[in-house]
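Structure, as structure tokens:
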Amino acid sequence: MFRRRASEAKHVATVPDGGPGAGPAGLGARPDPGPGPASPASSGAEEPGRAAPEPWGPPPAGLDVSAPHPARVWNYWLGGRDFFAADKAAGEEIGREFPHLAEMARAERAFLVRAVRFLAGPAKIRQYLDVGAGLPAGGNTHEIAQRIAPDSKIVYADNDPAVLLHAKALLGNPMLASTPDGAVCYTEADLRDVAAVLAGAGSALSLSRPVALIMLGVLGHVDDYGAARSIASQLMDALPAGSYLVAADGVAVNQGIVSAQRRYDASARPRYGGSAPASYALRRPDELTSFFDGLDLIEPGVVPCPGWRPDGRGPEGASGDAAAAYCGVARKP
């Protein structure tokens with residue numbers, strides 16, 4: 001829900017290569033840490049949502065961090081390092097007032113880790129397009145995929161200028177680079193501009209070979225249900241057979257969550273000013289399921305995030321009527 005905003009930039013700006021032998025530079029890779037104190041490498045890759053450490057390093061040049069930013073608040077909830085004092089304060093306040101948001105962030109990230117393990121392992125997918133990627137935190141798509149298959153290629157797409165500034169700064173760090181055999185890059189594109197998203201993907205991926213399209217917490221930013229379905233369909237139509245759709249979003253499972261979301265949406269602009277996220281449309285579970293029409297759903301189907309192939313490593317979460325987010329993975333026949 002905070003991973004992106006779906007209404008700003010309409011162009012593609014691929015972040016340049018980060019060093020010799022690494023392919024396009026990596027966004028927020030966290031290699032497996034050794035023993036010792038918390039570091040950027042130990043910010044929750046296998047345990048998304050654990051207590052966040054203090055922010056790490058100075059802000060990127062030209063970035064105002066005196067006010068909170070939605071993507072950095074999300075990063076704080078996920079145990080990342082790319083947040084500052086204002087973001088931490090906002091994250092704690094919002095988490096108390098709207099607990100379903102932090103729950104959603106952590107449940108979706110834990111699902112992402114399990115889904116990418118499946119894709120990189122049994123499904124043998126080596127290309128990923130993660131739309132609405134937001135800021136890096138433990139358990140990023142490339143971190144999981146390249147740990148299993150070092151030749152994996154990942155394109156992250158987001159349209160938030162502040163997120164792109166963070167990405168450029170992070171991509172200059174050799175500790176955050178892609179594996180030598182793979183590639184990781186970042187492209188600026190609006191979810192609604194399907195052509196721009198695909199053009200950015202084509203900068204590093206071969207769209208004639210299977211791709212996993214990942215859309216977590218983004219479809220709700222498209223208010224119109226038909227338009228949101230059309231965007232997902234157009235993106236999947238551009239990908240070949242054998243590709244996968246991985247989607248998760250907040251759902252309207254009870255009136256309490258619906259009311260809380262409406263109150264949060266009304267409060268977003270006073271909290272964030274010009275960086276306020278677009279209002280978020282909570283849809284019914286059956287509406288989320290319809291985004292997978294024409295695809296072969298992988299068991300267990302569209303379910304609450306904690307119920308998709310749980311492995312005991314992620315955070316405990318609600319299920320059924322109390323779940324804040326549902327998810328699914330499906331293959332294009």
How about segment 45-86: which of its residues are more than 27 Å from Gln146 (Cβ to Cβ), buried (at least 23 other Cβ atoms within 10 Å of the Cβ) and at pLDDT below 85?
none
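In segment 168-175, is there at least one residue being under 30 Å from Glu299 (Cβ atoms) and either among the aromatic types (Phe, Trp, Tyr) or out of contact with any Cys (no Cβ under 8 Å at 6 or more places or on another chain) (or both)? Walk me through how you get there before you give the answer.
Step one: filter segment 168-175 for residues under 30 Å from Glu299 (Cβ atoms), giving none.
No: segment 168-175 contains no residue that is under 30 Å from Glu299 (Cβ atoms) and either among the aromatic types (Phe, Trp, Tyr) or out of contact with any Cys (no Cβ under 8 Å at 6 or more places or on another chain) (or both).
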If you check Asp224 against the conditions, is it farther than 28 Å from Pro122 by Cβ, among the charged types (D, E, K, R) and surrounded by fewer than 21 Cβ atoms within 10 Å (Cβ to Cβ)?
yes
Counting only residues that are at pLDDT 85 or above, farther than 14 Å from Ala105 by Cβ, out of contact with any Lys or Arg (no Cβ under 7 Å at 6 or more places or on another chain) and open to solvent by 30 Å² or more (accessible area, probe 1.4 Å), segment 303-327 contains a total of 2
Look through segment 247-268, keep the residues that are surrounded by 19 or more Cβ atoms within 10 Å (Cβ to Cβ) and out of contact with any Pro (no Cβ under 8 Å at 6 or more places or on another chain), and return whichever of them is farthest from Leu101 (Cα to Cα).
Ala247
Of the criteria (1) touching a strand residue (DSSP E or B) at 6+ places or on another chain (Cβ under 8 Å); (2) under 28 Å from Ile148 (Cβ atoms); (3) open to solvent by less than 10 Å² (accessible area, probe 1.4 Å); (4) at pLDDT below 90, which one Ala177 fails
(3)
With Gly91, Gly80 as the choices, which residue is out of contact with any strand residue (DSSP E or B) (no Cβ under 6 Å at 6 or more places or on another chain), outside any helix (DSSP H, G or I) and of a type outside the set (S, T, N, Q)?
Gly80
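Consider Val258 carefully, then state whether it is closer than 17 Å to Ala324 by Cβ and out of contact with any helix residue (DSSP H, G or I) (no Cβ under 8 Å at 6 or more places or on another chain). So that I can check it myself, show each step before the final result.
Numbers: closer than 17 Å to Ala324 by Cβ: yes; out of contact with any helix residue (DSSP H, G or I) (no Cβ under 8 Å at 6 or more places or on another chain): yes.
When the stated conditions are applied, Val258 passes them.
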In segment 87-119, which residues are modelled with pLDDT under 90, surrounded by fewer than 24 Cβ atoms within 10 Å (Cβ to Cβ) and out of contact with any helix residue (DSSP H, G or I) (no Cβ under 7 Å at 6 or more places or on another chain)?
Pro99
Might you let me know whether segment 121-141 holds any residue that is without any contact (Cβ under 8 Å) to a residue 40 or more places away in the chain and among the aliphatic types (A, V, I, L, M)?
no
Provide a single number: the residues in segment 274-296 that are under 16 Å from Ala248 (Cα atoms), in a helix (DSSP H, G or I) and open to solvent by 20 Å² or more (accessible area, probe 1.4 Å).
4
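So, in segment 94-128, how many residues would count as being of a type in the set (Lys, Arg) and not in a helix (DSSP H, G or I)? Talk me through it step by step, then tell me what you get.
Taking segment 94-128 first, the residues of a type in the set (Lys, Arg) are 96, 106, 109, 114, 117, 124, 126.
From the residues that got through so far, the ones that are not in a helix (DSSP H, G or I) too are 124, 126.
Count: 2.
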Just checking, does segment 232-246 include any residue being without any contact (Cβ under 8 Å) to a residue 60 or more places away in the chain and crowded, with 22+ Cβ neighbours inside 10 Å?
yes
Looking only at segment 150-170, and only at residues there that are among the aliphatic types (A, V, I, L, M) and surrounded by fewer than 24 Cβ atoms within 10 Å (Cβ to Cβ), the one that is farthest from Leu198 (Cα to Cα):
Ala169
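State yes or no: is Ala137 within 24 Å of Pro68 (Cα to Cα) and either modelled with pLDDT of 95 or more or outside any loop (DSSP other than H, G, I, E, B) (or both)?
Answer is no for this residue.
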Note on segment 64-77: residues closer than 20 Å to Ala260 by Cβ, outside any loop (DSSP other than H, G, I, E, B) and of a type outside the set (Ser, Thr, Tyr) are Pro70, Val73, Trp74, Trp77
If Val211 satisfies all but one of (1) modelled with pLDDT of 95 or more; (2) open to solvent by 10 Å² or more (accessible area, probe 1.4 Å); (3) not charged (D, E, K, R), what's the number of the condition it fails?
(2)
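The values are calculated or read from the model by the stated rules, or taken from the named source; none is laboratory data. The structure presented is a predicted model; accordingly, all values stated were derived computationally and were not measured. FYI the Cβ positions are ideal-geometry reconstructions off the backbone, even for glycines, and counts take in every protein chain you see. In case anyone asks, the SASA skips ligands and DNA or RNA and just uses the protein heavy atoms, side chains included. Shrake-Rupley method; radii C 1.70, N 1.55, O 1.52, S 1.80 Å.
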